[in-house]
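Worksheet: one structure, shown below.
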Amino acid sequence: METNSERIPFCSSLKEAVSLACGGEAAVEKKQTVHGGDANDAYELFLSDGKRLFLKTNRISNADFFRAEAEGVAAIRATETIRVPHIHALGTGDGISFILMEYIDRAGAGRDFWEELGVSLAALHKAETSSFVNGGKYGFKSDNYIGAGRQKNTPGNSWIEFFSECRLRPQLELASDYFDSSTIMKANRLLDSLDRFLYEPERPSLLHGDLWSGNFMSDETGHPMLIDPAVYVGCNEADIAMTELFGGFDKRFYASYFKAMGAIPEYESRRDLYNLYHLTNHLNLFGGAYLPAVMRTIERYSK
Ligand code: ADP
């Protein structure tokens, strides 16, 4: 597969992928489940030559998840702003689809972990974006996924329109069975008047896109890395909003991010609107527990 900056082999068996990854004869001796993800099965592979690899698998029909993940990782890597794992191979075979990558042997977070994460994310958000989207300022060169949900990335020149048509509207439409007619009216009102709340950013940013606390980690030396992105070019506030949805980011992260990026006036007034996208995706993927929060947000922004 050709991505922005790298060519990722596509294999027809895991054995072929492992052999490509370690450049030789090593075989998998042990496979240990890794918990913590939400869409795929994940494993640490122990090889006969003492090395380790990280493997995620899914049904063959979901092979596109991994094509999208590899493209997202490659896009972040191309910015040279924050470490992402090296992807050895993608593939389908033996009844599964898979992505095989370097295994990161996490050390505890280093002393300046949060400051570094903030500064690196700001650098990612300031990176040049024109090579990631063709025919518009916002979007991405291909569609991808948010967890197991589909994410449209049709290029466009208006952020507000992109957020409406490629983010909120598809999720709200998918969730319509949960809504009564009054909520549907309010959701439509909200979509029709997003420009009351959102603004067109000064510059587009490459976003991680799924920035919850399960999607960063510390590497072997305690420095931050990003994993499992759902990248697109959008407004940086959308990434920051998501860091606050489920918590887990230290205040030192925010201090260093905003120092590097500059303060964003009245960001708090838009945060929950951006997070309505993720909440509605959770409603669609995991069910009614998310409905009260979705309804509250629709109510608030449709007044
Ligand atoms: P999913 O796609 O199912 O959400 P993740 O990519 O989030 O899965 O990975 C699941 C967990 O595996 C993560 O929370 C993290 O703890 C761990 N992990 C992810 N990537 C690596 C890696 N390259 N090396 C070691 N552990 C990893």
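The values are calculated or read from the model by the stated rules, or taken from the named source; none is laboratory data. In this text the structure is predicted, and so the values were computed from the model without any measurement. Note that we place each Cβ from the backbone using ideal geometry, even for glycine, and neighbour counts take in every protein chain shown. Quick note on the areas: whole protein, heavy atoms, side chains included, nothing else; ligands and nucleic acids left out. Shrake-Rupley method; radii C 1.70, N 1.55, O 1.52, S 1.80 Å.
Considering only the stretch 17-41, how many residues are under 26 Å from the mean Cα position of the chain (by Cα) and either among the acidic types (Asp, Glu) or assigned to a loop (DSSP other than H, G, I, E, B) (or both)?
7
Just to be sure I understand the filter: pairs with C-beta atoms under 7 Å, separated by 6 or more residues or on different chains, first member in the stretch 29-49 and open to solvent by 40 Å² or more (accessible area, probe 1.4 Å), second member more than 6 Å from the ligand (Cβ to nearest atom) and in a loop (DSSP other than H, G, I, E, B). Which pairs pass?
What qualifies is Glu29/Ser48; Asp38/Gly147; Ser48/Ala26; Ser48/Ala27; Asp49/Ala26.
Can you tell me which condition Lys186 does not meet? The list is (1) modelled with pLDDT of 95 or more; (2) within 16 Å of the ligand (Cβ to nearest atom); (3) open to solvent by 10 Å² or more (accessible area, probe 1.4 Å), and all the others hold.
Among (1) modelled with pLDDT of 95 or more; (2) within 16 Å of the ligand (Cβ to nearest atom); (3) open to solvent by 10 Å² or more (accessible area, probe 1.4 Å), Lys186 violates only (2).
Report yes if some residue within the stretch 269-286 is over 22 Å from the mean Cα position of the chain (by Cα) and not charged (D, E, K, R); otherwise report no.
Yes - at least one qualifying residue is present in the stretch 269-286.
With respect to Asn215, is the statement that it is modelled with pLDDT of 95 or more and within 14 Å of the ligand (Cβ to nearest atom) true?
yes
Quick check on the stretch 153-163. Is at least one of its residues within 19 Å of Glu299 (Cα to Cα) and either in contact (Cβ under 8 Å) with a residue 40 or more places away in the chain or in a helix (DSSP H, G or I) (or both)?
Yes: one or more hits.
Show the residue pairs meeting these rules: Cβ distance below 8 Å; 6+ apart or different chains; first residue within the stretch 243-265 and farther than 14 Å from Leu211 by Cβ; second residue assigned to a loop (DSSP other than H, G, I, E, B).
What qualifies is Phe258/Ile264.
Do we find a residue being open to solvent by 10 Å² or more (accessible area, probe 1.4 Å) and in contact with a Pro (Cβ under 9 Å, 6 or more places away or on another chain) anywhere in the stretch 152-163?
yes
Might you check whether a residue that is over 27 Å from Asn134 (Cβ atoms) and surrounded by fewer than 16 Cβ atoms within 10 Å (Cβ to Cβ) occurs anywhere in the stretch 61-79?
Among the residues of the stretch 61-79, at least one is over 27 Å from Asn134 (Cβ atoms) and surrounded by fewer than 16 Cβ atoms within 10 Å (Cβ to Cβ), which makes the answer yes.
Please tell me if Trp159 is more than 15 Å from Ile82 (Cβ to Cβ) and either within 16 Å of the chain's Cα centre (by Cα) or modelled with pLDDT under 95 (or both).
no
Inside the stretch 16-28, can you point out the residues that are free of Cβ contacts under 8 Å to residues at least 40 places away in the same chain and either within 16 Å of the ligand (Cβ to nearest atom) or exposed (fewer than 14 other Cβ atoms within 10 Å of the Cβ) (or both)?
Listed by number, the residues that qualify are Cys22, Gly23, Gly24, Glu25, Ala27, Val28.
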